[in-house]
Every structure is written in structure tokens, then in C-alpha cells.
Amino acid sequence: MMSEIKVYSKPNCMQCDFTKKWLQDNGVMYEELDVEKQPTALEEVIALGYKSLPVVYVDSDNHWFGFRPHRLEGLLHG
């Protein structure tokens, strides 16, 4: 069983919207964390070493930033 994917995003972020739409269209469950509404979410993004959004967090060894369809595709195939 895969742990729930986290998507760190913010309003008016095109890459964030593309990422969330891709996940929805492919039936991948995820938790959305808005860094503007949840200060701890922004702290988590910074702690992971990112300065850009979205950040997709699968687990401690599997996370990235930006809209990356090839990485998202990997979520479908384990």
C-alpha cells in the first residue's frame, strides 16, 4: 500500500494546477497542502531543499518539484 502523496502548492500556480489535474485524471489520491494557508507546509518544502512549487512528496527517497509527467507516470506503475 502506497502512503498518501502530498502535493505542496499555492494559488495561481500553473505547474501546481497541471500536477493536481494529472493526479485527479489518473485516479491518484493525494493530499494538497497550500503553502500560503499552511505555514508549516512552507517550512516542510524548505526543509526538503526546494524553492519552487509544486513539490510532490511520495516518501523520503522519492520527491521532486515542478510538473513532471514522467515522474507522475511512475506513480501508476509502482
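Every number in this text was worked out from the coordinates using simple rules, so none of it is lab data. These numbers come from a predicted model, not from an experiment. So basically every Cβ, Gly included, is an ideal-geometry build from the backbone, and we count neighbours across all protein chains shown.
Please indicate, with yes or no, whether at least one residue in the stretch 33-41 is free of Cβ contacts under 8 Å to residues at least 60 places away in the same chain and within 13 Å of Ile5 (Cβ to Cβ). Scanning the stretch 33-41 turns up at least one residue that is free of Cβ contacts under 8 Å to residues at least 60 places away in the same chain and within 13 Å of Ile5 (Cβ to Cβ). Of all the listed residues (Lys51, Lys37, Lys20), the sole one being in contact with a helix residue (DSSP H, G or I) (Cβ under 9 Å, 6 or more places away or on another chain) and of a type in the set (Lys, Arg) is Lys51. Take Lys20 and tell me if it is crowded, with 17+ Cβ neighbours inside 10 Å and in contact with a strand residue (DSSP E or B) (Cβ under 7 Å, 6 or more places away or on another chain). So Lys20 passes the test. If you go through the stretch 53-78 one residue at a time, how many are touching a residue at least 24 places away in the same chain (Cβ under 8 Å) and under 14 Å from Lys6 (Cβ atoms)? Total satisfying the criteria: 9.
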